[in-house]
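A short worksheet on the structure shown next.
The values are calculated or read from the model by the stated rules, or taken from the named source; none is laboratory data. Keep in mind that what you see is a predicted model, and the values were worked out from it rather than measured. Glycine gets a Cβ as well: all are built from the backbone with ideal geometry, and neighbour counts include every protein chain shown.
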Amino acid sequence: MLRCLPVAVLVAVCGLLLVGCGVHDAKPSSLPPAASVSACRGQLDTLDRQVDRAGVRDVDSVAIPGFPFLRINRLLASFSTESLAPAARQQWLQALAAREAEGRRVELAALGAPAMTLAEIEACRATLLADLAQDSNAFERLRAAARVPDDYSLPARVLGLYSVATFFARQGVATLQTREAPRPTLHLAPTARLYASPPVAATALAEATADFASAPRDALGIAQPSPATLQTLLAAHAPVWAVDTLSDADRMGRMAHDADARAVLEPAPSVYVWISQTRFEQQVLTQLNYLVWFAARAPQGAFDPLAGAFDGLVWRVTLDADGQPLLWDSVHACGCYHLWFPGPRLRQRAVADDTETPWVPFTLALTGRPGLQIDAGTHYLKGVGPAPAGPVETLTVLDYDDLRQLPDGRGGVRSLFAANGLLAASVRPERWLLWPLGVPSPGTMRQRGHQATAFIGRRHFDDARGIERYFGRNGRD
């Protein structure tokens, strides 16, 4: 379920260890030949052009300009402005290299006949890492370039008279948050269907929680529990999805490509899972993510600009350092309808800015699996509470990375998402109405890492400091 990157990580580590922890510590004899550095950059540039021509760029993490052997996400970008100790700097570079190795693996699988082999890429990455570690100026350029572009369009906001558009958007957001606010209880209709992955015994959860709390942390502070511990926690905290089912659009399924490489939803109820991290106060916290897919968001009337093909819903659990849930939140795969449910350890901060008001319906205190009440058609989250009883359809648990390498129906593999991070088959008419707010193609389903969650201001589901912006610990100033 949880894929590791042993080869990529070892290559990155070896490349760094060739020159030690600091940029000045190695002897001149350890410098890679200039010709090798130049040749590697040329080869990677050629490969990048091939990837872009084929339209198979993987944007799960993004390339760093000038450093084609490294990629970054928002968590790693949050460390780029900090003064890192040598061990933390080495860990950071290793993580950037591992992100790039993963992205290359996905792209090479989609290309079929790439300009470089995986072994050649790994050798070049080690060479370029060794060169980088010898050059303090290059490392400072890396720190300056290590950013993730936000998922907003400034030209659209300028042309669309953003300041005027936000006046109407603010009213719309307030109305939505009032009209569609979820309840702290579940009121299921007779047409509700329950879906869940296999449960975990309480003793197994207690053991996994204790193992997680005592797990070592790397030099960046990221917990390193065993894969078995993470799998147990993912299973134990997985929600029971109670879906009001009035049409086929409300049935969960598995994403695939048909014989013409078009996205389809197969009738196999599934949940896609992955692990992420966020930063809160002085800690890096682990997050458990769950994504389910529906065939469509059904129209709610004769004209519904929000309706369209495919609909995804994400539930996320942020664990505290001791392995206990700190906060729950949810979002649709378009980045829409982001709801926060802080646990009793948190209090909401008063934020003095003019951005979109965060949607915080209530504090959530749960001791077992959560139950999520999902509305028919819109798939709005209408209630959160203890898991309901009743017959349950078992969900197949899949790795989110499967969506990046789906069989394309023609003997190859291809990502569900385009090179811009969008699921092209899910575009919505609302994009013609909401474009002045700067979110490209609002309503369209998106790859993780590309989900803008606010129309007013700039906010992303994977913001590294998102929780602490709106919440603090109870009992602290």
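Couple of notes before you dig in:
- Only listed residue being among the acidic types (Asp, Glu), at pLDDT 95 or above and part of a loop (DSSP other than H, G, I, E, B), chosen from 311, 322, 329: 322
- Residues within the range 387-404 that are more than 16 Å from the chain's Cα centre (by Cα) and touching a residue at least 24 places away in the same chain (Cβ under 8 Å), tallied: 10
- The set of residues in the range 79-101 that are buried (at least 19 other Cβ atoms within 10 Å of the Cβ) and either touching a His at 6+ places or on another chain (Cβ under 9 Å) or not aliphatic (A, V, I, L, M) (or both) comprises 79, 89, 90, 91, 92, 94, 99, 100.
- Just one of the listed residues (381, 422) is closer than 23 Å to residue 443 by Cβ, under 25 Å from the mean Cα position of the chain (by Cα) and free of Cβ contacts under 8 Å to residues at least 60 places away in the same chain, and it is 422.
- Residue in the range 199-220 that is closer than 25 Å to residue 447 by Cβ and surrounded by fewer than 19 Cβ atoms within 10 Å (Cβ to Cβ) present: no
- For first residues located in the range 140-159 and over 19 Å from residue 95 (Cβ atoms), partners that are surrounded by fewer than 15 Cβ atoms within 10 Å (Cβ to Cβ) and lie 6+ apart or on another chain with Cβ distances below 9 Å form the pairs 157/163.
- Test: residue 173 is among the aliphatic types (A, V, I, L, M), part of a helix (DSSP H, G or I), out of contact with any helix residue (DSSP H, G or I) (no Cβ under 9 Å at 6 or more places or on another chain) and touching a residue at least 40 places away in the same chain (Cβ under 8 Å): yes
- Condition met for residue 152 (out of contact with any helix residue (DSSP H, G or I) (no Cβ under 7 Å at 6 or more places or on another chain), under 27 Å from residue 77 (Cα atoms), surrounded by 17 or more Cβ atoms within 10 Å (Cβ to Cβ) and modelled with pLDDT of 95 or more): yes
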